[in-house]
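Undergrad: Please read through the structure below; I'll follow up with questions.
The values are calculated or read from the model by the stated rules, or taken from the named source; none is laboratory data. As the structure is a prediction and not an experimental result, all values here were calculated from the model. Heads up, the Cβs are rebuilt from the backbone with ideal geometry, glycines too, and the neighbour counts pull from every protein chain shown.
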Amino acid sequence: MLTFETKCYENDWEFLLKGDRLRQMTERCGVDFARRVVIINNVRNMGRVKRYADKKVREGVIDAYYVAEEHAAAALAFFDIDPQSFRGGYYYSIAELVGIFMCETEHLLHFSSDTMPGPAHANWIPEALAIFRERKDVLVANPTWDYRFTHAEEESFDSIGNFYLGYGFSDQCYLVRTADLRQPIYNETHPFSARYPAYGGELFEKRVDSYMRNHQLLRITSKNAAYEHKNFPKDRLDRLRLKLNIYLNRSSS
């Protein structure tokens, strides 16, 4: 039982919900998902975004979507997190926390909207789930970021099967046992976690990293599978919006 999850916000929702990116993301994972979910976070025109999300549901691309703010209070209370404790990191954190809080399956695979799974080696997911069954000290699994396999090896201290073994956590992509993260674990700190960007405050990925280091919990990173992460710059978004609007206008005429 596995959920695929991604999120969108004001600067990227059109790219995610108007185009074919969502379908590509799920298909490239190479597994069957029990649920495919989008978390909508911090958009100006919620009604408009919901209409496009509803269309993705009707098309069978996703099974559901959640508006982060509609579940934020319940999620923060469940995890015993003071909203003031984010120190600027609220909007970098709340979609992920709501996603974990709302997840209905045993495992959760999260990709940020600006990441794309590589087209090959999709078997990393069943291999990682097998390790989860054997190693309770392995909290998270992910492909290698931006095909930087040498860097991933350098950040590890051992290996297990087709994975490097080490510390670390990224909100770009994580595969987890839902129950592990659906606990009040988000109020710990660790000196090594200070490496996360200062502008993010006490953001979600920093909190998980602190918890992992305090409890000697590990990450496995695939030696074969990778994902690509590219920020959506404003000029590129403007071009994408123009292309999408032209396509949609032609389709409706």
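Undergrad: Determine, yes or no, whether Ala64 is more than 15 Å from the chain's Cα centre (by Cα), within 18 Å of His107 (Cβ to Cβ) and at pLDDT 95 or above. Before you say what the answer is, go through the steps one by one.
TA: Working: more than 15 Å from the chain's Cα centre (by Cα): yes; within 18 Å of His107 (Cβ to Cβ): yes; at pLDDT 95 or above: yes.
Spelling it out, Ala64 is indeed more than 15 Å from the chain's Cα centre (by Cα), within 18 Å of His107 (Cβ to Cβ) and at pLDDT 95 or above.
Undergrad: Tally time: how many residues in region 139-152 are surrounded by 15 or more Cβ atoms within 10 Å (Cβ to Cβ) and over 18 Å from the mean Cα position of the chain (by Cα)?
TA: 2
Undergrad: Which members of region 156-196 meet the condition of being closer than 22 Å to Met116 by Cα and surrounded by fewer than 16 Cβ atoms within 10 Å (Cβ to Cβ)?
TA: none
Undergrad: Restricting to region 82-101, and then to whatever is among the small types (Gly, Ala, Ser) and either under 12 Å from the mean Cα position of the chain (by Cα) or assigned to a helix (DSSP H, G or I) (or both), can you tell me which residue is farthest from Val37 (Cα to Cα)?
TA: The residue in question is Ser85.
Undergrad: Tell me, yes or no, whether region 124-147 has at least one residue that is among the polar types (S, T, N, Q) and under 16 Å from Phe4 (Cβ atoms). Let's see the steps before the verdict.
TA: Filtering region 124-147 down to residues among the polar types (S, T, N, Q) leaves 142, 144.
Those left that are additionally under 16 Å from Phe4 (Cβ atoms): 142.
Yes, because at least one residue in region 124-147 is among the polar types (S, T, N, Q) and under 16 Å from Phe4 (Cβ atoms).
Undergrad: The conditions are (1) over 18 Å from Asp171 (Cα atoms); (2) in contact with a helix residue (DSSP H, G or I) (Cβ under 9 Å, 6 or more places away or on another chain); (3) of a type in the set (Gly, Ala, Ser), and Gly89 fails exactly one of them. Which is it?
TA: Against the list (1) over 18 Å from Asp171 (Cα atoms); (2) in contact with a helix residue (DSSP H, G or I) (Cβ under 9 Å, 6 or more places away or on another chain); (3) of a type in the set (Gly, Ala, Ser), Gly89 comes up short only on (1).
Undergrad: OK, next. Anything in region 84-96 that is surrounded by fewer than 24 Cβ atoms within 10 Å (Cβ to Cβ) and closer than 19 Å to Asp209 by Cα? List them, or say none.
TA: Within region 84-96, Ser85, Phe86, Arg87, Gly88, Gly89, Tyr90, Tyr91, Tyr92 qualify.
Undergrad: So, in region 149-172, exactly how many residues are of a type in the set (S, T, N, Q), over 27 Å from Tyr92 (Cα atoms) and touching a residue at least 12 places away in the same chain (Cβ under 8 Å)?
TA: 2
Undergrad: Name every residue in region 49-90 that is within 24 Å of Phe4 (Cβ to Cβ) and acidic (Asp, Glu), in order of residue number.
TA: Asp54, Glu59, Asp63, Glu69, Glu70
Undergrad: Now, a different point. Which one of these is crowded, with 22+ Cβ neighbours inside 10 Å, not in a loop (DSSP other than H, G, I, E, B) and not β-branched (Val, Ile, Thr): Ala77, Ala128?
TA: None of the other options fit; the residue is Ala128.
Undergrad: Checking Glu69 against (1) out of contact with any Phe, Trp or Tyr (no Cβ under 9 Å at 6 or more places or on another chain); (2) outside any helix (DSSP H, G or I), which test does it fail?
TA: Single failed check for Glu69: (2).
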